[in-house]
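Down below is the structure, laid out as structure tokens.
The values are calculated or read from the model by the stated rules, or taken from the named source; none is laboratory data. What you see is a predicted model, and the numbers here were worked out from it, not measured in a lab. When we count neighbours, we look across all protein chains shown, and the Cβ atoms used for this are built from the backbone with ideal geometry, even at glycine. Surface areas here come from the heavy atoms of the whole protein model, side chains and all, with no ligands, DNA or RNA. Shrake-Rupley method; radii C 1.70, N 1.55, O 1.52, S 1.80 Å.
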Amino acid sequence: MSRPGIEAIDSAGMYRGLLVYVLIVGAFLMLPLVLAVMLAFSSGGGLEFPPPGLSFKWIVKAAATREFREGLLISAVVAVATGLISAIAGTSAAIAINHFRFRGRAALQALLMAPLSLPGIVIGLAILFTLPAFGLVPGIVATIGGHSVIGVPYVAYMVLASLSNYDMSLDRASASLGAGQWQTFRRITLPIISPGVTAGTVCAMLLSFDNVALSLFLSNGNTLPLRMMQSMQFYTDPSVAAVSVLLVALSLAAVPFLKRSFRETHMERA
Amino acid sequence: MTPGTAASLRRWTPLLWIVPAALVLLPFFFLPLVLLFRNSLNRDDPMLLMVPDFTAINYIKALSDPFYLQLFANTIGAALFVAVIATIIAYPFSYFISRYARRSIGLVVWAVYMPLFVSVIVRVFGWMIVLADSGLLNAMLLKLHFLQTPLRLLFEVDGMLIGMVHRYLPLAILPLFNAMKKIPDELHRASANLGATPSGVIRDVVFPLSVPGIVISLQLTFAGALSDFVLPQVLGSPRFRMLAPAIYAEATTNLSTAMAATLAVLMLVFIIALLGASGYLVKRLTPWMTAR
Amino acid sequence: MTFKLNRRELVVGAGAMAATLSSGKFAQAQSAALKVTHFGGPYQVLQDLVGAPFERAGLGRVEYEVETTASALAKIQSQKASPPFDLVMMSRSITYRAGRAGFVAPFERADIAALAGTVPGTLGPGGFGVGYVLDTFGIMVDKRQVTQPMTSWMDFWRPDLRGKIVLPAASLGLSIYFLLCIARTVGNGKIDDASIDEAFKKLIELKPSVRTFYTDPIQASQLVERGDIAAAPQLSIRISNTMRSAATVGRFTPNEGGPFLPFDLSMPVSAKNPELAKKYLNYILSKEVQTKLAAGLLATPVATGIDVPAELRPFMMLDTDKIWPIDEDYVATKSRDWTTRWTREVQS
């Protein structure tokens, strides 16, 4: 088995010990998910584990439930819109913080990250009460606005991380060749930071897809996580676990984006 | 374009770059925060719900009544525990990945990110199966005769802390990884050539250079754990009250919107103060890591 | 680069989509449909049992939305001038306080003829809410663990149940109902400051026996179903539905009975469809609809003289003479103090 990076000076014992440790931690991380996914294929009716048998019935039931299907559509719409808004707002904010030195830069960065320090229910309730000021009502637009509040800091954080290795002399060279600021951004900066932008956007979209706290107050009770919560408040059957199988499959689809972003920002020179 | 206009344009450019974010955050975050603060100065009435007022009574109560002080103590203590444990667990994990597993980074990212992305509702299901009195963990420990009576983990602080460490571990792993991967291999080789043992390399080279990553890791997990609502509410013990569920209960069970707003403002102020203080402390303690 | 091109198109597309969704089908700002909320879960049957027949009878269109009491109250508070709902489903105590605070409008008894065929108290105090299903408090047990019947609320103090009970948490309004049950029992039918104090004393004695305090009613049901817990005070409709799906779960109705806990439909002030709302209320209180609701939700009907299918009777709580009314004014003034006391003294 090739072990890239290991040198003759590193102790093999340390490598093996750390490997075992990583596998144990990995198992810990995956455990509740594996259980929930296994429940989804259970032939029983409750939350018994191990499941008495295997069956597709809960998956089928979840797919046939109208509320889950409509919830999926609405959550998807909200997530895509949130992703777009967060991508634009977060990226440009990261550029502002990274490329320029101005008074209050540190404060701006703190303000940008502030939404992550308050519980979603607090933000949701507070936004609900300010909606009438903009002529908005609880619904899709309000939900998108609320989710973007969480998405923007995540995109900004990822893009800033991407920008941390950014060579400003590229910008200067581009300027000296006559390119305007927007041109430089579009053709030089953006391709370089696109892994960070993508990772942050995917993050924002998936968090929006999973959001309960904000949607509770800002939507019409019809996003997918809310439907799952409503089901879980009354029923203890695996249909919610079945819906989660879908969400796990969705996260599988997100892996290529994350892999690419990681490989391009973290790959050492071969 | 004359040099004068170009210069003044340059001064306004950062503001232009901020406009999109401002368009989102001003109406949907900062304005609600102002409202929150205004609400915290109102008065709660059992019959009339919230009465417009301009009083500091909520703040006085929140900061002097042992009922609320216990709440803050619990939440800060639990968040500190989660942050420290998650960072400690994450450290060797991130070290291994940054040193030996760069080619499997895709699989690692998937395994680490996935818990964040699968609905918290589903994760809670999983924890209930594992931690219940009749759940997986107890069944295993009882069968192996490690225990006589089942461990009470579900709806207790222990279960809640396990669930929270699990939820924030990915958040701790990635900043550490980011910091560690910046340490060039040459440094390892150089210090080995100078006679350091593998553990000495970690102690004297890797650890000091990874401090910024440790700090970010602690900050992210602490802020997250402090403001967590779902896990304390669903896995935790009502005897060990945490801040976010308490805010929700004040608003919805007690119909005390003003008090809920007060607690929220206090939480925000505390987190900001803590993040600011820790950032400053890092700059003082690790002068060799001056920001670029 | 494809990334660049697609983004422009996507932005335009998303903008158009958002505009359509917010102004068109999903917002329904100008439609004449009646917007009614419910708690979700089993209440989804309202669409088929009430909404569809209402429309077929030519009385009007109904649109249902799922809102918890908390989110519904928050929404009518924040949108006072232009409420998003015409009828809101909330617990009676919250409905009453919302009415006193000026967020929901009172009904006149004369406006809703069907009230004549319902139990007294269906029209809430002040006229603020109209109950359409009746709930109460009962004892949910694991039949495998509780072999001796429980005939009184004080049976929770029995030594054979030590460590095997759960009580509602302070953050759940149900804790107030349990407190009232105990107070009424120790106060010989009276609920006042003295009996409440006495109740708290007894509850503090019970503390060591409580496994945990449940923050959501479903937790109590799950714990009893799994057998982790032997007995719990629980909402009656929940007991009924759990009994139907799990044969090991049973119910005991204490001799002292339980509180009158209707779920009210109330109308926010400035709601746009008051006449249609009253028509809906008349319809939902009629005998046929009440029979369907009772069978569909396993709830106690508010209408009198309802015949429930025989196979559902064993699951349901139909002993309406065991249900006693609550002094909503007294409870509303005191509940915050009681919740704080519960947290400090009992739940610690």
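Annotations for the structure displayed:
- Relative protection proxy for A:216-224, B:89-97, from highest mean packing down: A:216-224, B:89-97 (other beta-carbon atoms within 10 angstrom).
- For residue C:269, net neighbour charge (Lys/Arg +1, Asp/Glu -1) across residues whose Cβ lies under 13 Å away: +2
- Put simply, chains A and B cover up around 8300 Å² of each other's accessible surface, both sides summed, when a 1.4 Å probe is used.
- Two-site label geometry, residue C:287 and residue A:133: point separation in nm, points 7 Å out along Cα→Cβ: 5.5 nm
- Take each residue in C:340-348, count the other chain C-beta atoms within 10 Å of its C-beta, and the mean is 3.
- Here chain A is scanned for GluC sites (Glu not before Pro) in DSSP loops (not H, G, I, E, B) that have at most 12 other Cβ atoms within 10 Å, and the longest stretch holding none of them is A:8-267.
- With the gyration tensor restricted to C-alpha atoms of the range C:81-222, the semi-axes of the equivalent ellipsoid amount to 34, 17, 16 Å, longest first.
- Here the protein assembly as shown exposes an accessible surface that is 65 percent carbon and sulfur, computed with a 1.4 Å probe and the other protein chains kept in place.
- Averaged over A:222-232, number of beta-carbon atoms from partner chains that fall within 10 Å: 4
- Accessible surface buried by the C/B pair amounts to about 2900 Å², both sides summed, 1.4 Å probe.
- FRET E, pair residue A:28, residue C:190, Förster distance 45 Å, beta-carbon r, rounded to 0.05: 0.25
- Probe 1.4 Å, accessible area per residue of the range C:173-263, Å²: 30 Å²
- Within the protein assembly as shown: Cβ-based charge dipole about Cα centre, in debye rounded to nearest 20 (Lys, Arg +1; Asp, Glu -1): 2620 debye
- Helices in chain A, meaning DSSP H runs of at least 4 residues, each add -39500 (n - 2.57). Divided by all residues, the mean residue ellipticity at 222 nm is -24000 deg cm²/dmol.
- Peptide-level mean, for A:129-142, of C-beta atoms on other protein chains within 10 Å: 6
- Within chain B, the whole DSSP H helices whose Cα atoms reach 18 Å or more along their own axis and whose mean Kyte-Doolittle score is at least 0.0 are B:3-25, B:66-100, B:157-181, B:211-226, B:257-285.
- Ranking by accessible area, most exposed first, for C:293, B:266, B:274 with a 1.4 Å probe: B:274, B:266, C:293
- Figure note: C:333, B:286 ranked by solvent-accessible area, largest first, 1.4 Å probe, ligands and nucleic acids not counted: C:333, B:286.
- In Å², nearest 10: area of residue B:47 left accessible to a 1.4 Å probe: 20 Å²
- Each label was represented as a point 7 Å from its Cα along the Cα-to-Cβ direction; for residue B:149 and residue B:34 these points are 5.7 nm apart.
- Antiparallel DSSP beta bridges within the protein assembly as shown, percent to nearest 5: 70 percent
- Of A:196, A:235, A:72, farthest towards positive along the dipole that unit charges on Lys, Arg, Asp, Glu beta carbons give chain A: A:196
- The mean accessible area for residues of the range A:57-266, using a 1.4 Å probe and ignoring ligands and nucleic acids, is 35 Å² per residue.
- Ranking C:135, C:216 from most to least accessible surface, computed with a 1.4 Å probe over the protein chains only, gives C:216, C:135.
- The heavy atoms of residue C:326 present about 30 square angstrom of accessible area, all protein chains included, probe 1.4 Å.
- Sites excluded, trypsin sites (Lys or Arg not before Pro) in DSSP loops with at most 12 other C-beta within 10 Å, longest stretch of chain A: A:104-268
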